[in-house]
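The values are calculated or read from the model by the stated rules, or taken from the named source; none is laboratory data. Owing to the predicted nature of the structure, the values given are computational and were not obtained by experimental measurement. Here the Cβ positions follow ideal geometry from the backbone for every residue, glycine too, while neighbour counts run over all protein chains shown. When the accessible area is computed, the model is the full protein with side chains, heavy atoms only, and any ligands, DNA or RNA have been set aside. Shrake-Rupley method; radii C 1.70, N 1.55, O 1.52, S 1.80 Å.
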Amino acid sequence: MQTRRSILLGSAALGGLSLLAGCGGDSSGYSGGGPKFRHYDGPPVTQVQVFKEKRKMYLISGTHVLKKYDIKLGGNPIGHKQFEGDGKTPEGAYWIDRRNGNSAYHLSLGISYPNERDRAYAESQGKKPGGDIFIHGEAGKNNGRSRDWTAGCIAVTDAEIEEIYSMVRDHTPIFIFP
């Protein structure tokens, strides 16, 4: 007689096999569809480039663009983020420093803002630099209100953040241009 535990383990193994059997991918190595946490086995993303004015983000491996995304920014997108609550998205060189699989915005990847220079400038002005800047999904938060709606983050669709989350590793450099 099978125990409840062996039945559950067997069911989990079969479920895992059926997920593996159903994984197809495109030429980039990304396996789309399915659950929130996806699998990627393509070329490594060596940097992320964001062009605020063009509202574009690129995932790059060496000198090749792997993926391109349309993005939404902070509600006051022109210029570099300087202070908490200014609604600006930072500009400059940072890195991906954390990930949140339980984000209020579906999934999110943290950006290392503020750096020492950002903190020093804000303090010299008697203000806080702000923080918690992420690349994240929408999770129904935008609802089509406006082109730029975040508090300084970089937003993509939920399906896109699932792909990005699977492709970009912690410590990947991110360059954010005006």
When you scan region 34-51, how many residues do you find that are assigned to a loop (DSSP other than H, G, I, E, B), closer than 20 Å to Gly137 by Cβ and modelled with pLDDT under 95?
5
Filtering region 74-102 down to residues that are in contact (Cβ under 8 Å) with a residue 60 or more places away in the chain and within 13 Å of the chain's Cα centre (by Cα), which residue is farthest from Arg117 (Cα to Cα)?
Gly101
Criterion first (open to solvent by 40 Å² or more (accessible area, probe 1.4 Å) and on the phi < 0 side of the Ramachandran plot) does Lys56 satisfy it?
yes
